[in-house]
Amino acid sequence: MPNPDCRAESDHESCPSLHPSPVQVTLADIERDLAGHMPEHPATPGLNHAAVALVIREGTDGPEVLFIERASRPGDPWSGDLGFPGGKVEAGDDGPREAAEREAREELDLDLGQARYIGRLTDIVGAHLPVRVSCFVYGAGPIGPFSFSDEVRDAFWVPLAELVAPTRHIIAPVRFGADTFERPSIRLPAAGKPVLWGITYRLVMQFLEIVGSHFPPPPVS
């Protein structure tokens, strides 16, 4: 269970589990796991369709996942949130995967044509917005530096080991429009960033469940 006293970066010294051991998993392992996953993407009449890219690279301490921080923009329901590169599937896109790749180019100047496509997750339907989100997973070599569009404030990599650390999984207050909720979230190891929640959180948790056999068992409390 998450430790409520270990929620901030300043808690590192008193919460050694916030310095997790490297996850013993490689991109090849992840690709094999995704090959055995049968994603569901049923038709959802009346919902907008969006697509995002979950990009992974080999880091010093194991695989790392790319996240973006969206710029604060009036009228954008995801203004200021953390997420994956992506956006709405447009009429000119040859399906959602092409939309995710186009959005990565537009938002970050990231060419996923140079990355290895390794699988797809099951689509997620929004809890607060009429949207269905498709997520496509890519394994990347050395990429960057990024060039941000006006929709993106920042981009950063998070070790997979941090995403599975139990102390990073919390219940946190989040804002959507004029409302505030408490939702399951992940506090990422990036100073000054909001918590990860909502659709991207649900996609991350689905991904972690697919590759979960490679994780060390949680510590005994």
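Read the figures in this text as sums done on the coordinates, not as results from a lab. If you're wondering where the values come from, they're calculated on a predicted model, not measured in any experiment. Note: ideal-geometry Cβ built from the backbone for every residue, glycine included; neighbour counts use all protein chains shown.
Worth pointing out:
- Remark on Arg120: its backbone amide H falls under 5 Å from those of Val137, a criterion applied only to residues 5 or more positions apart or on other chains, H modelled at 1.01 Å from N.
- Think of each Lys and Arg Cβ as +1 and each Asp and Glu Cβ as -1; about the Cα centre, that makes the dipole of the stretch 119-194 roughly 160 debye.
- Ranking Ile124, Val65, Val211 by Cα position along the charge dipole of the chain, where only Lys, Arg, Asp and Glu carry charges on their C-beta atoms, puts Ile124 farthest toward the positive end.
- The residues packed around Leu208, meaning those with a beta-carbon under 15 Å from its beta-carbon, carry a net charge of -3 if Lys and Arg are +1 and Asp and Glu are -1.
- Other-chain or far-sequence residues with amide H under 5 Å of Asp154's (modelled H): Glu69
- Placing +1 on the Cβ of every Lys and Arg and -1 on the Cβ of every Asp and Glu, with nothing else charged, gives the chain a dipole about its Cα centre of roughly 380 debye.
- Dimensionless Rg/Rh of the stretch 48-109 - Kirkwood Rh, Rg from C-alpha atoms: 1.02
- Residue-wise HN-Hα coupling along the stretch 149-158, computed from phi with Karplus coefficients 6.51, -1.76, 1.60 (Hz; x: Gly, Pro): 7, 6, 8, 10, 8, 7, 9, 7, 9, 10
- Near Pro42, once Lys and Arg are set to +1 and Asp and Glu to -1 for all other residues with Cβ below 12 Å from its Cβ, the sum equals -1.
- Over the stretch 121-221 - Rg/Rh using Cα atoms and the Kirkwood inverse-distance radius: 0.96
- Across the stretch 115-130, rounded Karplus estimates of 3J(HN,Hα) from the backbone phi angles (6.51 cos²θ - 1.76 cosθ + 1.60, θ = phi - 60°) give 9, 9, 6, 10, x, 9, 9, 5, 4, 10, 9, x, 7, 10, 10, x Hz, Gly and Pro being marked x.
- The chain: most fluctuating residue of His37, His169, His49 per GNM, C-alpha cutoff 10 Å: His37
- Estimated Rh, the chain: Kirkwood, alpha-carbon pairs, angstrom: 18.0
- Sequence-distant residues sharing a close amide H with Val89 (under 5 Å, placed H): His49, Ala50, Ala51
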